[in-house]
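**Student:** Pasting in a structure now, in structure tokens, and then I'll have a few things to ask.
The values are calculated or read from the model by the stated rules, or taken from the named source; none is laboratory data. Worth saying up front: this structure is predicted, and the values here are computed from it rather than measured. As a convention, Cβ positions derive from the backbone with ideal geometry for all residues, glycine included, and neighbour counts pool all protein chains shown.
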């Protein structure tokens with residue numbers, strides 16, 4: 001098929017907002033082969049491995065751990081890469097703005113190309129709750145005996161899926177430390193601790209995972225890392241009291257994981273000028289896509305709550321903020337990739353209960369899911385042309401079950 005069909009930059013804003021980015025159409029089999037090879041290269045010969053979510057919170061943990069191991073990468077090649085991307089975008093077409101990532105780290109947009117060169121002795125392996133078992137299997141396959149393993153900003157859906165690789169690693173690793181702040185089930189927490197893991201779970205409404213890592217790692221961190229944790233928490237807990245927290249979140253989505261970890265490790269939350277300029281450039285289209293998603297939203301009354309429901313490639317956090325300002329208690333943002341973000345408020349703190357019913361989970365005020373309703377490409381075609389009608393329906397049905405009391409905390 002002609003590559004131009006996957007180049008969404010040539011489409012109008014409305015059409016671009018309705019379909020996934022090019023990465024969605026890359027076959028999983030080829031993606032798995034590439035990911036396997038990249039993991040092997042990253043892990044072999046290292047003294048420690050960090051398996052982490054690739055958002056700002058998870059990557060903040062990577063920056064801390066590398067600082068403690070004196071294993072941070074040289075920041076200059078990454079700054080040069082940022083300046084080159086910005087120059088290329090600006091010179092190619094004054095009106096063109098690169099497509100925005102919607103904050104979903106799987107199959108939305110290809111990862112930015114990163115500089116090659118020295119590799120850190122502390123490897124970074126990005127994962128999600130759904131791919132955590134695969135990530136641990138890769139560590140078990142390629143890591144040397146006696147390494148340190150860190151798992152950050154990830155909460156497993158169940159213990160059974162990770163039991164075999166985690167127990168293998170428990171026997172081979174010098175130590176395994178796990179830093180998180182999500183809502184854990186009691187049985188999963190107990191099983192992970194029984195596997196010999198140093199598990200530290202912060203209060204989900206008080207700490208982010210970077211906070212947890214900062215207080216758990218026995219190291220005298222420079223002040224910039226304390227500030228990094230504070231600003232990361234501001235975004236991750238939806239406090240929105242420091243404007244720099246939005247910069248961190250956006251930059252984590254728009255850069256490669258290694259680039260983000262290197263930059264914030266060197267500069268903390270006060271990002272350097274080339275990065276600030278790049279963020280401002282990318283936000284031009286981001287704001288347009290947010291506006292499109294807010295304009296197509298509908299408000300639905302479910303039990304005692306008003307739920308704002310919308311669809312599209314957009315930054316779900318800002319869309320949810322706008323819907324709350326419009327009077328909703330909760331927001332559902334369905335994405336072209338088939339996943340969805342659920343955001344709550346002081347009047348709705350059951351987002352995780354809704355998400356658990358539709359193949360997801362998360363926090364009381366912030367959760368994610370991907371309904372198991374896509375059997376083939378015709379289902380996805382229907383999803384795109386109806387603006388996520390089926391996904392909206394099953395998620396709203398989950399709200400109904402929470403409202404009538406048939407779903408409760410574990």
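**Student:** Quick one: residue 332 ticks every box in (1) at positive phi; (2) assigned to a strand (DSSP E or B) except a single one, so which number is it?
**Tutor:** (1)
**Student:** Where the second residue is part of a helix (DSSP H, G or I) and the first is within 13 Å of residue 160 (Cα to Cα) and lies in the range 185-201, which pairs have Cβ atoms under 7 Å and are six or more apart or on separate chains?
**Tutor:** 195/166; 195/167; 195/170
**Student:** Can you tell me which residue among 236, 211, 157, 180 is in the same structural domain as residue 56 (by TED's automatic domain parsing), more than 30 Å from residue 284 (Cβ to Cβ), modelled with pLDDT under 95 and within 22 Å of the chain's Cα centre (by Cα)?
**Tutor:** Within the list 236, 211, 157, 180, the selection yields 157.
**Student:** Within the range 337-358, take every residue that is in a loop (DSSP other than H, G, I, E, B) and under 16 Å from the mean Cα position of the chain (by Cα) and give me the one that is nearest to residue 183 (Cα to Cα).
**Tutor:** Across the range 337-358, the extreme among qualifying residues is 339.
**Student:** Looking for whichever is over 18 Å from residue 234 (Cα atoms) and not in a loop (DSSP other than H, G, I, E, B) here; the options are 212, 200. Which one fits?
**Tutor:** 200
**Student:** Hey, another quick one. For the range 265-286, give me each residue that is part of a helix (DSSP H, G or I), in contact (Cβ under 8 Å) with a residue 12 or more places away in the chain and within 15 Å of residue 76 (Cβ to Cβ).
**Tutor:** 265, 266, 267, 274, 275, listed by residue number.
**Student:** Quick one: would you say residue 327 is free of Cβ contacts under 8 Å to residues at least 40 places away in the same chain, under 25 Å from residue 363 (Cα atoms), assigned to a loop (DSSP other than H, G, I, E, B) and over 16 Å from the mean Cα position of the chain (by Cα)?
**Tutor:** Taking the combined requirement at face value, the residue satisfies it.
**Student:** Identify, by number, the condition in (1) modelled with pLDDT of 70 or more; (2) crowded, with 20+ Cβ neighbours inside 10 Å that residue 103 doesn't meet.
**Tutor:** For residue 103, the failing item is (1).
**Student:** Another question, then. Might you check whether a residue that is out of contact with any helix residue (DSSP H, G or I) (no Cβ under 9 Å at 6 or more places or on another chain), assigned to a helix (DSSP H, G or I), at pLDDT 95 or above and closer than 28 Å to residue 344 by Cβ occurs anywhere in the range 245-264?
**Tutor:** Looking for residues that are out of contact with any helix residue (DSSP H, G or I) (no Cβ under 9 Å at 6 or more places or on another chain), assigned to a helix (DSSP H, G or I), at pLDDT 95 or above and closer than 28 Å to residue 344 by Cβ, one finds none in the range 245-264, hence no.
**Student:** With the condition kept exactly as written, say whether any residue in the range 312-320 is surrounded by fewer than 16 Cβ atoms within 10 Å (Cβ to Cβ) and either part of a helix (DSSP H, G or I) or not assigned by TED's automatic domain parsing to the domain that holds residue 241 (or both). Before the answer, list the steps.
**Tutor:** The initial filter retains those residues of the range 312-320 that are surrounded by fewer than 16 Cβ atoms within 10 Å (Cβ to Cβ), namely none.
Within the range 312-320 (the criterion being surrounded by fewer than 16 Cβ atoms within 10 Å (Cβ to Cβ) and either part of a helix (DSSP H, G or I) or not assigned by TED's automatic domain parsing to the domain that holds residue 241 (or both)), the answer is no, since none of the residues qualifies.
**Student:** Can you report the number of residues in the range 29-53 which are under 19 Å from the mean Cα position of the chain (by Cα), assigned to a loop (DSSP other than H, G, I, E, B) and surrounded by fewer than 24 Cβ atoms within 10 Å (Cβ to Cβ)?
**Tutor:** Residues in the range 29-53 being under 19 Å from the mean Cα position of the chain (by Cα), assigned to a loop (DSSP other than H, G, I, E, B) and surrounded by fewer than 24 Cβ atoms within 10 Å (Cβ to Cβ): 0 in total.
**Student:** When residues of the range 287-305 are filtered for being in a strand (DSSP E or B) and surrounded by fewer than 18 Cβ atoms within 10 Å (Cβ to Cβ), how many remain?
**Tutor:** Within the range 287-305, residues that are in a strand (DSSP E or B) and surrounded by fewer than 18 Cβ atoms within 10 Å (Cβ to Cβ) number 4.
**Student:** Continuing with the same structure: Output the number of the condition that residue 117 fails; it satisfies all remaining conditions of (1) modelled with pLDDT under 95; (2) outside any loop (DSSP other than H, G, I, E, B); (3) touching a helix residue (DSSP H, G or I) at 6+ places or on another chain (Cβ under 7 Å).
**Tutor:** Only one criterion is unmet by residue 117, namely (2).
**Student:** Which condition does residue 371 not pass, out of (1) surrounded by 21 or more Cβ atoms within 10 Å (Cβ to Cβ); (2) outside any loop (DSSP other than H, G, I, E, B), if it passes all the others?
**Tutor:** So residue 371 meets the others, but not (2).
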